[in-house]
Amino acid sequence: MHTHLGQQRHIGGRSAQARHPVGPEGQGLDTVVVALAGQPNVGKSTIFNVLTGLTQHVGNWPGKTVEQKTGHHLHQDHDLLFVDLPGTYSLSANSVEERIARDYIIKESPDVVVAVVDAAIPERSLYLLAELLLLPAPVVLVMNMMDVAEQEGILIETGVLQAALGIPVVPMVATRNEGVELMLDAIMSIVDGTFVYEPRRPTILATHQEVLAGLIALVTDYVPEPYPVPWVALKLLEGDEEIRGVVEELVPENVRQEIRAILHKHEDAVLDVAGARYAWIGRMVRAAVVRPKVGQVGLTSRLDTVLTHPFWGTLALLAALAGVFFLTYTVAGPVQGWLEDLLAQLAGGAVRWLSALGSPAWLSDLVSDGLIGGVGTVITFMPILAIFFATLGFLEDTGYLARAAYVTDRFMHMMGLHGKSFMPLLLGFGCNVPAVLGARIIESPRARLLTILLAPLVPCAAQMAVVTILGAAFFGNAAGVVVWSLVALNLVALAALGVVLNRFVLKGEPAVFIMELPLYHLPNTRTIGLYVWQNIVAFLQKAGSVILVASLVVWFLSYFPAAGDISQSYMARLGRAIEPLGRLMGLPWPVLVALLTSFVAKENTIATFGVLYGDFKAVLPTLLSGPAALALLVFQMLFVPCLATVAVMKQESGSWKWTAIGVGLLLVLSLVAGIAVYQIGSLL
Amino acid sequence: MLKRILRMMAMGEIQTQIELATALDVPEPLLSQMVAQLASQGYLTRAVMGADGCEGCSLHMQCNPDRRLRIWTLTEKGQRAVAS
């Protein structure tokens, strides 16, 4: 038995009625049932608490473990029963909360639904409103957190929005109890019929209206009360699995087949149905929401106008890279010097200790030159890597690296490279192996192959560490500029090779991706610390495995068969065989051998120098001229990828021919560049 | 509106959500929501940085240059929708 409030109203095909009192406060009064709907974190609970206070009843929704809260509020001699619906983003049955919310509104027919929206980001909540308006219950829109919107410079013209939507719109700051009375008045204006409720609902495109009409005709006789037939048909068209399951159980086989045929033919109708709702939201927002003008925009937008700009963004990227290298040298350099001193003392101590024990000379040599000279030298990279990763971690945590990716991507587009290739190539800055493997995300075989061929030109972290150490040894204070130029050289070589190959291998396939750039924020020291720690540990693991083995092999080849006379060693024989090539770059054979060992792992160049020269940072500058040193660095940067990368190139391309072409291209490129640098440099 | 997003992505001239939002004349938060919906319905997928086999690598931490960067690509379903 229901007590009617005022005249019976017909809204969306249903009759709205007030209810008998449910709670103690409402005894003897008409009860108006009000459902509170909204996304999580829009202040719905605050409103509920402000209104219901101690009258709240907390339980579970029938048959569900989701909390149900109800409570009463007395307003103008009416008992309002508020039902707090679970927070939902839509009513599409994607979650149990969404099913509860829509089932409640359909089956329990509340007198009014209050849709709570975060006024600072109204677009996010209006999709839910668009769906609520399709259900048979009148809706009051509450724009909560108007104070936050104001702080953000967002102006919500609630009057305009009300006129555009045709439903009551109430501004509110629930935390300050502002607008609550207005909301209660708006609810009562719906209930007593003083507000002319004429919602302007989103419509669907003409192309699908006939399809919808067809579905409505098919299901009309089978949809049970209180489900609105047009809503059920629309949900079918949207691909709502729950509604489809229910309908398929209710309709006879021939109708089921017809429905299936229609839905199969219009599989993508959801794009038009949901798309029309977003277009509707866009119109509402344009009509009633005024966003900050240029100059008042947020920090992220302001920074992005510079940092993602084609010219200024590129300059900023180059400056950021220069900053990374500058910090790496100025901070890590001295620490690395201390580590080297420590290492020298350790080697000396080990040799003395072994001699005292009467161990053979080769064992002392193995420990001091092979182990400490090879692996130990690589471990002195640690300060450089720590600073390198700390600065990268800082840039990442602030949100800048995403912009760097954006700027790099545009740069590659300009050079005629495949846009989607940017992702795997970006990985190459860490390690070339995942860069090559990552090319799998590219659908086109030709584009994938091009990316595989180019990936090794991205300087990996190990290569960066090697040129950082050698750059400091050869060029002192100018090392930062030199290394920065080497990175630029590699990227230019990558782009140039890409353009050339693109012209012959790939012909302008479009990129199909978009990036969602994160907001800038202050970096977290813990996050950066963890990032640095994990990378250092990973590096030490590598030093203890691949580099250890390679160092021992290099030591063996340089010690035997002449018992320590390196000039008569296996290594010397190999080096002398290729020495004529080295002469063109001004490089003696031990340097060439060190470069060759980088084929196992890039860091081995340093480890080999450590084995062959001991204090190579002091020795090498006396052996190599400026042009030769530069040729060495250029050769190292452009040289063939490491063994692991070559292996995955073969695996991913599935072709020895293309693997050989890729490796051969880089070998030729590195030789030509190294020779050119030395020969031209010697003429100057 | 959603189909336009897929079409514009397929054209390959748009790189970020901000650019896409500007081209469609919609606020970026709304575009984010649309992209999320397209992803939930299988038209877009979030590109994963890294590759098969990276899990066992001691250097895998170095591979993802920005873990907060989200990159969306068209799925086969998305490409079919564009072509239809």
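The values are calculated or read from the model by the stated rules, or taken from the named source; none is laboratory data. Just so you know, these numbers come straight off a predicted model, no measurement behind them. Neighbour counts are summed over all protein chains in view; Cβ atoms, including those assigned to glycine, are modelled from backbone coordinates with ideal geometry. We work out accessible area using only protein heavy atoms, side chains counted, and drop any ligands, DNA or RNA first. Shrake-Rupley method; radii C 1.70, N 1.55, O 1.52, S 1.80 Å.
Carbon-plus-sulfur fraction of the accessible area of segment A:206-290, 1.4 Å probe, in percent?
Numbers: 2170 of 3960 Å².
The C+S portion of the solvent-accessible surface of segment A:206-290 is 55 percent.
Distance between the pseudo-spin-label points of A:His57 and A:Val672 (7 Å out from Cα toward the beta carbon): 8.4 nm.
Cut-off under 13 Å on the C-alpha distance; same-chain residues fewer than 8 positions from B:Lys77 excluded. Which aspartates and glutamates are left, in chain and number order? Result set, ordered by chain and number: A:Glu267, A:Asp268.
Assuming R0 = 25 Å, can you tell me the calculated FRET efficiency for the pair A:Arg201 and A:Arg260, based on Cβ-Cβ distance, to the nearest 0.05?
On the way: r = 28 Å, r/R0 = 1.11.
Calculated transfer efficiency: 0.35.
Once backbone amide H atoms are built at 1.01 Å from N, A:Val140 has A:Val113, A:Val114, A:Ala115 as its partners under 5 Å, excluding neighbours fewer than 5 places away on the same chain.
Proximity of backbone amide H atoms, modeled 1.01 Å from N, is registered between A:Val33 and A:Arg19, A:Leu81, A:Asp111, A:Val112 at under 5 Å, excluding neighbours fewer than 5 places apart on the same chain. Legend: residue pairs A:Lys602/A:Lys650; A:Lys107/A:Lys265; A:Lys617/A:Lys650; A:Lys44/B:Lys3; A:Lys235/A:Lys265, Cα-Cα distance threshold 27 Å; pairs beyond threshold, A:Lys107/A:Lys265; A:Lys617/A:Lys650; A:Lys44/B:Lys3. Can you work out the FRET efficiency for the pair A:Ile578 and A:Arg446, with r the C-beta to C-beta distance and R0 = 56 Å, to the nearest 0.05? That pair, A:Ile578 with A:Arg446, gives E of 0.95. Phi angles across segment A:283-289 convert, under the Karplus curve 6.51 cos²θ - 1.76 cosθ + 1.60 with θ = phi - 60°, into 3J(HN,Hα) values of 5, 5, 5, 4, 6, 10, 10 Hz, Gly and Pro given as x. Let's test the formula: R0 of 41 Å, r as the Cβ-Cβ distance of A:Val331 and A:Ala361. What FRET efficiency results, to the nearest 0.05? Given R0 = 41 Å and the Cβ-Cβ separation, E is 0.55.
Here the Karplus curve 6.51 cos²θ - 1.76 cosθ + 1.60, taken at θ = phi - 60°, turns the phi angles of segment A:350-364 into couplings of 5, 5, 4, 5, 5, 4, 4, 7, x, 6, x, 4, 5, 5, 4 Hz, with x standing for Gly and Pro. Spin-label model, A:Asn477/A:Asp147: points 7 Å from Cα along the beta carbon direction are separated by 5.6 nm. Peptide A:268-276 shows a mean partner chain C-beta count of 6 within 10 Å per residue C-beta.
Across segment A:658-663, coupling constants 3J(HN,Hα) worked out from phi with the 6.51/-1.76/1.60 Karplus curve, θ = phi - 60°, read 5, 5, 5, 4, x, 5 Hz, and Gly and Pro carry x.
Under the 0.36 nm per residue contour assumption, what length would be gained going from the current alpha-carbon distance of A:Glu340 and A:Glu210 to full extension?
Here the answer is 38.9 nm.
Taking amide H as placed 1.01 Å from N in the peptide plane, A:Gly38 has its amide H under 5 Å from the amide H of A:Thr88, A:Val116, each at least 5 places away in sequence or on another chain. Each chain gives up part of its surface: B and A jointly bury about 5200 Å² of accessible area, both sides summed, for a 1.4 Å probe. The mean accessible area for residues of segment A:593-684, using a 1.4 Å probe and ignoring ligands and nucleic acids, is 38 Å² per residue.
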